[in-house]
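Structure, as structure tokens:
Read the figures in this text as sums done on the coordinates, not as results from a lab. Source: prediction; values computed, not measured. Virtual Cβ from ideal backbone geometry, glycine too; neighbours counted across all protein chains shown.
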Amino acid sequence: MIDRDQVLHVAKLARLRLDDAEVETMAGELSGILEHVDRISDLDLEGVEATSHVVQLENVFRADVPWTSLPPKVALASAPEPFDGAFRVPSPQAPVD
Amino acid sequence: MADLLDLTVAEAAAKIAAGEVSAEEYGAAWRAAAAGDDLNAYLWTADEGAGETDWTGAGESAPPGAGEETPYGANPAAPADSGPLGGVPIAIKDIFTTQGIPTTAGSKILEGYRPPYTATAVRKLTAAGARVLGKTNMDEFAMGSSNENSAYGPVRNPWDRDRVPGGSSGGSAAVVAGGLAPAALGTDTGGSIRQPASLCGIVGLKPTYGAISRFGMIAFASSLDQCGPLTRDVADAALLLGVMEGKDPLDATSVGLDGAIALPTREDLSGLRFGVPKEIGEAALDAGVRAVFEATIARIEELGGEIAEVALPHAEHGISAYYVIAPAEASSNLARYDGVRYGQRVAGDEDLVTMYEETRAQGFGAEVKRRVMLGTYALSSGYYDAYYGQAQKVRTRIAGDFDAAFAEVDFVVTPTSPSVAFGLGEKTADPLAMYLNDFFTVPMSLAGIPAISIPAGLAAPEGAAAGAPGLPVGFQIAAPAFGEQKLLEAAHALEGALDFAAAAGDAAPWRGGARA
């Protein structure tokens, strides 16, 4: 049901690099799971409300007052590559495709 | 020493408060027990000899942000000395952030991560006098039903070390069952508290969605995730729930429970109606589990409870809906693991996107990748309505089934898991077979209602030789949203009549049976 090209497309969307063996396995496993999941596609649910959340959410307002922020050294303490008060990353300029 | 470890949390807290037991001695006894973990159930334990007030890192170097103001309020340097849990150490699933204490969520991508703040549920426990005893192993990002998806190796079931403890809160269930903690905190998205509690012969409570704050609980599927206690008995579950529940300004989806949770005292079930879904008749269920379920139903009647048949016609589609909704939400939540702000990074020399892809490829395990792929596919252009939209409508139908049932009965009861604990490696080759472990627990998660699993008896594994030792079987009781007090009362009454501890006898691992 899901072929190699679809797996590679979805992997790209998900920012996951899969090796060749993983692509094969993934195609088989996702197909099997989706075949089971597909049972719900036959249900007649025309007009049924979708439940995105079980709690009746209301908009929550709070006073717009300044609050202590996480101190920069704390926020940066867990970063793989903190640099001069910021998070350093490789250049995004290289071609994506 | 053994006497101290035999106390329930409620008993220990009462004795400590009354001065009959020393908090230092009690805490030290549990730290020694935890340090003897031979189930791979802990990923971090408070070192022996740690000062009682040093809850942050037990002798480790000062954590980042210790004692500082954060956007979430002040991070206390020390917890309260007294309170309803004064002096009681509690094991915490490694999915809760704990300031300065390593927090991995069972994933390699968070190896070495020390969060700058503590989850609200944990802060409430420590503010009530509890101490963090250790962080427990789990399926990576709570994705799994056997604890075999942990990047740090599987947890062993204390009843039988060649079997799984269930998951994803497998470490939390194993430490309580194995006598390595008096109680533990877990999380449940589709059964991750109830199923391991069932497989390990302890009590596991998944409260109503929103009862306890999710702040600081590493997100898997945000519309389903809910934390709760894993304990030796129902009273302890009530005690911990009462401490942790409440609306939290830091979690806009938290609601809390209206009014305090009292320790349950009920001893009979007269006037209460228990609904048995008629679909259980055809459900795939081990014979031994079915026998324990039916015996428990008979016990409910002996206690004065009334049994009625109810229908949950859409529950059979729960697994399908769940395995669309949960991966979809997970694929979004896990986008944050990009190797930039925290966690591991795999150097991508060429460019940013390569760094993301390499980091995630090496940081995530197979099940997490599978679910991220499944979720991304279900949300992708052209498939959204067919999968995600349809699954959300099924969710509405399942919630409607429960509404209709609760118009007739007070509770809906089912087996917690279709089988007893299965062997390590037995189901890892077939993801779908693993997912079907959640058949009885997922519908309550989708409906957002509270459900508890209590140990109801022992059954030999399917196909085992005659005379094979029995393994625990859980009994699940579900109640309408925010019906926790009534649920706990009924579970307490049934627990007393079942007397699982007596039935298990010396086989119970916390008695040293399996440990001998």
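Structure data summary
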| item | result |
| --- | --- |
| Highest to lowest packing among B:427-436, B:32-41, scored as the average C-beta count within 10 Å | B:32-41, B:427-436 |
| Anchor B:LYS206: lysines whose Cα lies under 22 Å away (excluding residues fewer than 8 positions away in-chain) | B:LYS93, B:LYS124, B:LYS135, B:LYS247, B:LYS486 |
| Residue-averaged beta-carbon neighbours from other chains (10 angstrom radius) around A:42-50 | 5 |
| Net +/- balance of residues flanking B:GLU20 in space, Cβ distance below 15 Å, scoring K and R +1, D and E -1 | -4 |
| Length-normalised contact order for chain B - Cα pairs under 8 Å, 6+ apart - percent | 16 |
| Loop-located GluC sites (Glu not before Pro) in the stretch B:330-399, at most 14 other Cβ atoms within 10 Å (DSSP) | B:GLU350 |
| Partner chain coverage, peptide B:425-434 - average Cβ within 10 angstrom | 1 |
| The stretch B:221-298 versus the stretch B:388-428: alpha-carbon centroid distance in Å | 13 |
| Formal net charge of residues neighbouring B:VAL164 (Cβ-Cβ distance under 13 Å; K, R +1; D, E -1) | -1 |
| Under the Debye formula (equal points on every Cα, no solvent term), log10 I(q)/I(0) of chain A at q = 0.13, 0.16, 0.20, 0.22 Å⁻¹ | -0.95, -0.97, -1.02, -1.11 |
| For the stretch A:1-40, alpha-carbon Rg relative to the globular expectation (2.2 N^0.38 Å, N residues) | 1.16 |
| Relative contact order [Cα under 8 Å, 6+ residues apart], chain A, whole percent | 16 |
| Taking N as its residue count, the alpha carbon Rg of the stretch B:128-200 over 2.2 N^0.38 Å | 0.99 |
| FRET E, pair A:GLN93, A:ASP38, Förster distance 35 Å, beta-carbon r, rounded to 0.05 | 0.25 |
| Distance between the stretch B:447-461 and the stretch B:118-157 - C-alpha centres, whole angstrom | 20 |
| Estimated 222 nm signal from helices in chain A, with DSSP H stretches of n ≥ 4 weighted -39500 (n - 2.57), rounded to 500 | -10500 deg cm²/dmol |
| Among B:ILE325, B:VAL176, B:ILE398 the positive-end extreme of the charge dipole of chain B (Cβ point charges) | B:ILE325 |
| Within the stretch A:1-85, GluC sites (Glu not before Pro) in DSSP loop having at most 16 other beta-carbon neighbours inside 10 Å | A:GLU46, A:GLU49, A:GLU58 |
| Loop-located GluC sites (Glu not before Pro) in the stretch B:102-194 whose Cβ has at most 14 other Cβ within 10 Å (DSSP) | B:GLU111 |
| Estimated FRET transfer efficiency when R0 is 45 angstrom, pair B:ALA127-B:ALA284 (beta carbons, to 0.05) | 0.50 |
| Solvent-free Debye scattering, log10 I(q)/I(0), computed from the Cα coordinates of chain B at q = 0.06, 0.12 Å⁻¹ | -0.25, -1.05 |
| Orientation-averaged projected area, Cα convex hull of the stretch B:83-159 (nm²) | 5.7 |
| Chain B: calculated mean residue ellipticity at 222 nm from DSSP helix runs of at least 4, using -39500 (n - 2.57) | -9500 deg cm²/dmol |
| Cα-based convex hull, the protein assembly as shown, per residue volume (Å³, whole number) | 156 |
| Relative contact order (%) - criterion: Cα under 8 Å, at least six apart; region: the stretch B:247-317 | 41 |
| Long-range tail of P(r) for the stretch B:283-354 (Cα pairs > 14 Å, %) | 79 |
| Base-10 log of normalised Debye intensity for the stretch B:391-516 (one unit scatterer per alpha-carbon) at q = 0.13, 0.20 Å⁻¹ | -0.68, -1.19 |
